Amino acid sequence: MTQSRFLDANIFVRHITGDHETHSPAARALFDDIELGRATAWTTDLTIAEAVYVLASKRTYHLDRPSVRAGLLPLINLPGLELPSKALYPRAFDLYVAHPIDFHDAFHAALIESRGETELYSFDQDFDRIPSLTRFEPPLPSVAADNAGI
């Protein structure tokens with residue numbers, strides 16, 4: 001077996017879309033090797049976020065959310081693929097499909113939940129769509145704090 005190598009977002013995209021004459025079959029063969037234990041690979045949470053963005057973007061492939069989840073989640077779950085937050089992805093994709101929020105917000109909501117927490121600071125009202133979370137906006141500084149140089 002070869003050493004574990006980094007997987008870029010385009011490998012996921014080419015595998016899922018099958019839109020390139022040579023890259024798509026090569027990506028499929030690589031994922032077959034990872035699935036069968038003949039190869040190992042690693043990637044990052046940012047790579048997965050990039051793949052989601054490219055697959056769902058109106059400027060590129062415009063896949064619907066369930067199709068993005070159906071394409072990526074089985075690849076993420078391959079035992080031969082190392083990913084730091086692998087356990088968060090089923091919940092992150094559930095939130096992404098169920099609510100009209102960006103994937104990175106769904107990922108962060110899943111991360112917050114995984115820590116057993118329910119509260120966050122954000123100006124992004126999309127988090128209000130997640131029933132398990134309570135969003136707070138940072139309070140404006142008080143006049144007394146302003147006068148004290150804080």
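Numbers below:
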{"read-out": "Residue-averaged 222 nm ellipticity for the chain, from DSSP H runs of 4+ at -39500 (n - 2.57), nearest 500", "value": "-14500 deg cm²/dmol"}
{"read-out": "Label-point separation, Tyr121 to Leu73 (7 Å along Cα→Cβ), nm", "value": "3.4"}
{"read-out": "Table column - 3J(HN,Hα) (Hz), the stretch 16-30, Karplus curve with 6.51, -1.76, 1.60, x for Gly and Pro", "value": "6, 7, x, 9, 10, 4, 10, 5, 5, x, 5, 5, 4, 4, 5"}
{"read-out": "Kirkwood Rh (inverse of mean 1/r, distinct Cα pairs), the stretch 8-78, angstrom", "value": "12.3"}
{"read-out": "The chain - charge dipole about Cα centre, Lys and Arg +1 at Cβ, Asp and Glu -1, debye rounded to 20", "value": "400"}
{"read-out": "Helix 89-98 axis, angle to the chain major axis (alpha carbon atoms, nearest 10°)", "value": "70"}
{"read-out": "Dipole of the chain, positive direction: furthest Cα of Pro100, Ser142, Ala70, with charges on the beta-carbon", "value": "Ala70"}
{"read-out": "Kirkwood hydrodynamic radius of the chain, from inverse mean 1/r over distinct Cα pairs, in Å", "value": "17.2"}
{"read-out": "Residue among Thr60, His23, Pro79 farthest towards the positive dipole end of the stretch 1-84, charges placed on Cβ", "value": "Thr60"}
{"read-out": "Whether the stretch 57-120 is rounded, prolate or oblate, judged on the alpha carbon gyration tensor where a/c under 1.5 counts as rounded", "value": "oblate"}
{"read-out": "Residues whose placed amide H lies under 5 Å from that of Trp42, excluding near-sequence neighbours", "value": "Arg5, Phe6, Leu7, Glu82"}
{"read-out": "13 Å beta-carbon shell around Arg28, net charge (K/R +1, D/E -1)", "value": "-4"}
{"read-out": "Residue order, fewest to most beta carbons within 10 Å, for His108, His99, His20", "value": "His20, His99, His108"}
{"read-out": "Exposure proxy order (Cβ contacts within 10 Å, fewest to most) of Leu46, Leu7", "value": "Leu46, Leu7"}
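The numbers here are math on the coordinates, done by the rules we state, and not lab data. Everything numeric here is computed off the predicted structure, so don't read it as measured data. Ideal geometry is used to build each Cβ from the backbone, glycine not excepted, and the neighbour counts take in all protein chains shown.
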